Amino acid sequence: MAVKEQISTDGKVLTISLSGRFDVSVYKDFSEVYKDKLGSVAHYVIDMAEVEYLDSSALGMLLMMRERVGGTGALIEIINCSPGIKKIFQTVNFDKLLPIG
């Protein structure tokens, strides 16, 4: 799993691009990519175009991120999900918590 970050020129949008398996093995890399930006970033985008697999630990990491960046008021969106990944999010009603595209 690779975790890459890109910050917008104004510093307000952080895009986190993931590839491969999104599971507990990337916990440290995933959390470190956004934790030093808390308070300065207003919008978080999780790009899952290259994610092949995710498990319950990935869902937990996304929930933890949501809490750390502002709870229900956090602006986080998940984009470029494959049909299979989107189906997982819908099955566990994750699409009720965060915009999934």
Review point. Out of all the residues in the stretch 25-34, is one or more at negative phi, without any contact (Cβ under 8 Å) to a residue 24 or more places away in the chain and open to solvent by 70 Å² or more (accessible area, probe 1.4 Å)?
Key: yes
Exercise for review: Taking only the stretch 51-101 into account, find how many residues are open to solvent by 70 Å² or more (accessible area, probe 1.4 Å), more than 30 Å from residue 40 (Cβ to Cβ) and either touching a residue at least 24 places away in the same chain (Cβ under 8 Å) or aliphatic (A, V, I, L, M) (or both).
Suggested key: 3
Exercise for review: Please tell me if residue 40 is open to solvent by 20 Å² or more (accessible area, probe 1.4 Å), modelled with pLDDT of 95 or more and not aliphatic (A, V, I, L, M).
Suggested key: no
Revision key, fill the gap. Of 65, 61, 48, the only residue that is part of a strand (DSSP E or B), among the aliphatic types (A, V, I, L, M) and either closer than 24 Å to residue 10 by Cα or modelled with pLDDT of 95 or more (or both) is 48
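The values are calculated or read from the model by the stated rules, or taken from the named source; none is laboratory data. Just so it is clear, the model here is predicted, and its values are computed rather than measured. For neighbour counting, all protein chains shown are included, and Cβ atoms are generated from backbone atoms with ideal geometry for every residue, glycine included. Quick note on the areas: whole protein, heavy atoms, side chains included, nothing else; ligands and nucleic acids left out. Shrake-Rupley method; radii C 1.70, N 1.55, O 1.52, S 1.80 Å.
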